[in-house]
Amino acid sequence: MDVTGIIFASVDCDADAVEAWNRWYDLEHLPPNIALPGIMTGKRYVAPPELHDVREPADRLDGFADGRGVHVTVYTLAGDPAQVLADMTTCRDKLEAAGRMFAP
């Protein structure tokens with residue numbers, strides 16, 4: 001299979017909800033996404049607290065400004081990137097309709 005693209009999803013949550021957030025993300029969000037056709041892998045990364053102060057976000061990257069973007073998921077694609085994004089959106093909508101989206 002050839003790699004057709006990469007998606008970097010940078011997100012964060014309130015510090016008082018991080019344990020619940022990680023549990024939800026690992027059990028409810030990531031598995032159905034990486035099971036989609038066109039996604040080869042999905043791996044999560046978390047910046048440890050000692051690295052938060054050394055980040056120098058670019059003004060144009062709002063998701064990384066003001067200490068945000070602590071959690072990053074990298075999806076490696078093997079299908080049409082536009083279709084993969086559409087499928088991921090459908091997956092999110094199904095989770096939301098089922099009341100399975102994270103809300104602290």
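Just to be sure I understand the model, the point goes 7 Å from the Cα along the line to the Cβ. What's the resulting VAL74 to ALA35 distance in nm?
2.5
From the protein chains alone at 1.4 Å, what is the descending order of accessible area for PHE102, PHE8, largest first?
Details: PHE102 50, PHE8 145 Å².
Per-residue accessible area, sorted high to low, gives PHE8, PHE102.
Distance in nm between label sites at LYS43 and LYS94, each 7 Å beyond Cα in the beta-carbon direction?
2.6
Compute the distance in nm between two label points, each set 7 Å from the Cα along the Cα-to-Cβ direction, one at ALA15 and one at GLN83.
For ALA15 paired with GLN83, the spin-label model returns 4.5 nm.
Provide the solvent-accessible area of LEU85, counting protein heavy atoms only and rolling a 1.4 Å probe, rounded to the nearest 10 Å².
Using a 1.4 Å probe on the heavy atoms, I get roughly 90 Å².
Output ³J(HN,Hα) for the range 7-16: one whole-Hz value per residue in order, computed from phi by the Karplus curve 6.51 cos²θ - 1.76 cosθ + 1.60 with θ = phi - 60°, and x for Gly and Pro.
Karplus values, whole Hz, x for Gly and Pro: 10, 9, 10, 9, 9, 8, 8, 5, 4, 6.
With a 1.4 Å probe and all protein chains kept in place, how do THR89, THR73 rank by accessible area, largest first? Walk me through the numbers before you get to the answer.
Working: THR89 60, THR73 0 Å².
Correct descending sequence by accessible area is THR89, THR73.
Please give the solvent-accessible surface of LEU95 in Å², to the nearest 10, using a probe radius of 1.4 Å with every protein chain present.
10
The values are calculated or read from the model by the stated rules, or taken from the named source; none is laboratory data. What you see is a predicted model; the values in this text were computed from it and never measured. For neighbour counting, all protein chains shown are included, and Cβ atoms are generated from backbone atoms with ideal geometry for every residue, glycine included. When the accessible area is computed, the model is the full protein with side chains, heavy atoms only, and any ligands, DNA or RNA have been set aside. Shrake-Rupley method; radii C 1.70, N 1.55, O 1.52, S 1.80 Å.
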